[in-house]
Amino acid sequence: MAKKDLPQVETRLYINGKWIEGSEDKRPVINPATGETLIEVHQGGEKETNTAIEAAEAALPKWSAMAPAERAELMNKMADLVEEDAERLATIMTMEQGKPLSQAKGEIQTNVENLRWNAAEGQRVMGEIIPSPSTNQWQVRKQPVGVVGAITPWNFPSNMIVRKISPAIAAGCTVVLKPAEDTPLSALALMELFDKAGFPEGVVNILLGDAATIGEILSESDTVKKITFTGSTEVGKTLNEQSAPTLKKVSMELGGHAPFIIFPDADLELAVETLVETKFGNNGQVCTSPNRIFIHKDIKEKATKMIVEKVKEVTVGNGLDDPTTGPLINQEGVEKVVEQMEDATAKGAKVLVGGSEMNEGEYANGFFFEPTVLDGVTKEMDIFYKETFGPVIPLIEFEDEEKVIEDANDSEFGLASYFFATNIHTIDNVSNKLEYGMVGVNDTEISNSATPFGGIKHSGFGRENGIYGVEEYVVVKFVTIRTAK
């Protein structure tokens, strides 16, 4: 495995344009590929959270009054800095999160695209004039919602931050960011660049510390007017409950359990190649990862052989070596996969390849699990209903189109879904009936700066990206002006 020193990165909190030490005990950051402590970062608590909220509130009037073009200029400068610093940012991400270096570099490039897209979109937040039947003038104005509390996950520790901050600041809001405890370094590295770009004090702030404490303060604060969260459905429900008394605006991108359906007329080679590539991206630790693979009985045997052979080619290792896939985030992540595997095999599922924890030799100190194909999955197994954040492909045979739609929809989640077919009637019918916020037909590329990202049911509400992203950070005001007696 590759051995490399962690690039230099800040470890303190960033509040009101200043780097400050936290009042709580420092917390180690662990490399999931080696189990080693990379560095310790400062931690804050109630005191620092309230200070950050106050800083964001103080910065809001001037920032929201700034011309959108001026905000865009700073955002584009930030995009330039991210692009210039891509190698360091990607290396930091791989070392603290584990994903292969090429995937980390791709995530950094997505940051650049998100910043530039929202810099432009922030200049297109337009109101309207409604024709009045009398002498009044009717105006609809869109204004920034105010201070935003942004809480982000560890699986995309850089882009989830930019995807929330960039539309918020483009709309004229100020932000208090709480990144994931396992992956704070990517967030801190971005804050260094926000500082370098010259954003005014208090526009963007970062808190490190206990997630429950900081999340509760942000959610219950009367000053914070919007909570945006990406993470588990369980935590999302808690944040919603905590936000309810203040009736603040909330958007949630929560869990997923994506079906992946292969119909008998599908381009099978494309379907299999796309499945394996998508499933093992970030080692399956993606809320949009294919989790239930439905294959038509007429092609099941052939497709299964192709999938198994393709999975055998997947390489696993330290992300710095740029394998196909890397480690899971921590031991808890490994144990969750093990539990689902034990439950499924005890109930009759068959392991076709993989199926075990990797804990010997070069994998001994990291959090690795073999790329796995599991056949004969049924509804009696936990893996059919519970989100799998790991490298397991569960295969399910189907025969009837309407029945597979019903089974695909048999989930509390409704984020992403995929199917492969060439018949236009199948494409129209299935894409219309799948109960998911996003549907990929012969494709899994569903996350783009220009298109809406988000789910329904227990996968949350609200949208990121596209024209919808900035709209999440504005409020609508109606103004009527009497122009004559």
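The values are calculated or read from the model by the stated rules, or taken from the named source; none is laboratory data. Keep in mind it's a predicted model, so treat the numbers as computed, not measured. Don't worry about glycine lacking a Cβ; one is built from the backbone with ideal geometry, like all the others, and counts go over all protein chains shown. Side chains included, ligands, DNA and RNA excluded: accessible areas come from the protein's heavy atoms. Shrake-Rupley method; radii C 1.70, N 1.55, O 1.52, S 1.80 Å.
Amide H to amide H under 5 Å from Phe368: which residues, 5+ apart in sequence or cross-chain, H placed 1.01 Å off N in plane?
Leu328, Met358
Per residue, what accessible area does segment 338-485 have, given a 1.4 Å probe and all protein chains present, in Å²?
The answer is 47 Å² per residue.
Determine the distance separating the Cα centre of segment 204-262 from the Cα centre of segment 155-169; give it in Å without decimals.
So the separation of the two Cα centres works out to 14 Å.
Translational diffusion coefficient of the chain at 20 °C, 1.002 mPa s, Stokes-Einstein with Kirkwood Rh over Cα pairs, in µm²/s as a whole number.
For the chosen part, D equals 91 µm²/s.
For segment 389-429 and segment 467-485, what is the separation of their Cα centres, given in Å?
41 Å
Could the peptides 381-388, 177-184 be put in order, highest first, of the mean number of other beta-carbon atoms found within 10 Å of their residues? Walk me through the numbers on the way to the answer.
On the way: 381-388: 20.1, 177-184: 24.0.
Packing proxy ranking, top to bottom: 177-184, 381-388.
Give me the 1.4 Å probe accessible area per residue for segment 29-76, excluding ligands and nucleic acids, in Å².
On the way: 2180 Å² over 48 residues.
Spelled out: the 1.4 Å probe surface of segment 29-76, per residue, equals 45 Å².
Is the C-alpha gyration tensor of segment 327-368 telling us rounded, prolate or oblate? Criteria: a/c under 1.5 is rounded; beyond that, a/b larger than b/c is prolate, otherwise oblate.
Values: a/c = 3.34, a/b = 1.75, b/c = 1.91.
Judged from the Cα gyration tensor, segment 327-368 comes out oblate (a/c at least 1.5, b/c at or above a/b).
With every protein chain kept in place and ligands, DNA and RNA left out, what is the accessible area per residue of segment 227-290? Probe 1.4 Å, answer in Å².
Per-residue value: 32 Å².
Averaging over every viewing direction, what projected area does the convex hull of the Cα atoms of segment 391-444 cover, in nm²?
4.2 nm²
Excluding same-chain residues fewer than 8 positions from Lys477, which lysines have a Cα within less than 19 Å of its Cα?
Candidates past the 8-residue exclusion: Lys142, Lys225, Lys226, Lys248, Lys249.
Do you know the relative contact order of the chain, to the nearest whole percent, from alpha carbon pairs under 8 angstrom that are 6+ apart?
Computed value for the chain: 19 percent relative contact order.
As an exercise, identify the GluC sites (Glu not before Pro) in segment 419-485 lying in DSSP coil whose Cβ has no more than 14 other Cβ atoms within 10 Å.
Details: sites: Glu435, Glu445, Glu464, Glu471, Glu472; in loops: Glu435, Glu445, Glu472.
Counting only loop positions with at most 14 other Cβ atoms within 10 Å, the GluC sites (Glu not before Pro) in segment 419-485 are Glu445.
Carbon-plus-sulfur fraction of the accessible area of the chain, 1.4 Å probe, in percent?
Looking at the chain in its full context, I get 49 percent from C and S.
Using each residue's phi in segment 247-252, evaluate 6.51 cos²θ - 1.76 cosθ + 1.60 at θ = phi - 60° and report the 3J(HN,Hα) Karplus result to the nearest Hz, with x for Gly and Pro.
Working through the residues one at a time gives 6, 7, 6, 9, 10, 10 Hz.
Any chance you could run the full-extension gain for Lys62 through Ala244? It's 0.36 nm times the residue separation minus the Cα-Cα distance, nm to one decimal.
Going from the current span to full extension adds 62.7 nm.
So what J values fall out for segment 143-160 if you push phi through Karplus, 6.51 cos²θ - 1.76 cosθ + 1.60 with θ = phi - 60°, rounded to Hz, Gly and Pro as x?
Using θ = phi - 60°, the values come out as 10, x, 5, x, 6, 10, x, 10, 10, 10, x, 8, 6, 10, x, 10, 5, 4 Hz.
Expected output is a single nm value to one decimal: the length gained when fully extending between Ala346 and Lys477, i.e. 0.36 nm times separation in residues minus the C-alpha distance. What is it?
Once the chain is fully extended between Ala346 and Lys477, it gains 41.3 nm.
Any idea which of Val441, Phe398, Asn423 is furthest toward the positive side of the dipole for segment 364-485, if Lys and Arg beta-carbons carry +1 and Asp and Glu beta-carbons -1?
The one lying farthest along the dipole's positive direction is Val441.
Roughly how many debye, to the nearest 20, is the charge dipole of segment 1-160 about its Cα centre, given +1 on each Lys and Arg Cβ, -1 on each Asp and Glu Cβ, and no other charges? Mind dumping the intermediate values first?
Values: 17 positive and 23 negative charges, 69 e Å.
Value, rounded to 20: 340 debye.
Hey, what's the Cα Rg ratio for segment 66-136 versus the globular rule of thumb, 2.2 N^0.38 Å? Show your work: numbers first, answer last.
Values: Rg = 18.9 Å, N = 71, 2.2 N^0.38 = 11.1 Å.
With N residues counted in segment 66-136, Rg over 2.2 N^0.38 Å equals 1.70.
Counting helices only, and only those DSSP H runs with n ≥ 4, report the 222 nm mean residue ellipticity of the chain as the sum of -39,500 (n - 2.57) divided by its residues, in deg cm²/dmol to the nearest 500.
After summing the helix terms and dividing by residue count, I get -12000 deg cm²/dmol.
Please give me the summed charge of the neighbours of Lys477: other residues whose Cβ is under 9 Å from its Cβ, Lys and Arg +1, Asp and Glu -1.
Value of the local net charge: +2.
What are the ³J(HN,Hα) couplings of segment 340-355, residue after residue, when phi is run through the Karplus curve with 6.51, -1.76, 1.60 and θ = phi - 60°? Round to Hz, x for glycine and proline.
Those phi angles translate into 5, 5, 5, 5, 5, 5, 5, 9, x, 5, 10, 7, 8, 7, x, x Hz.
If amide H atoms are built 1.01 Å from N in the plane of the peptide, which residues on other chains or at least 5 residues away come under 5 Å of the amide H of Val175?
Correct list: Val148, Val204, Asn205.
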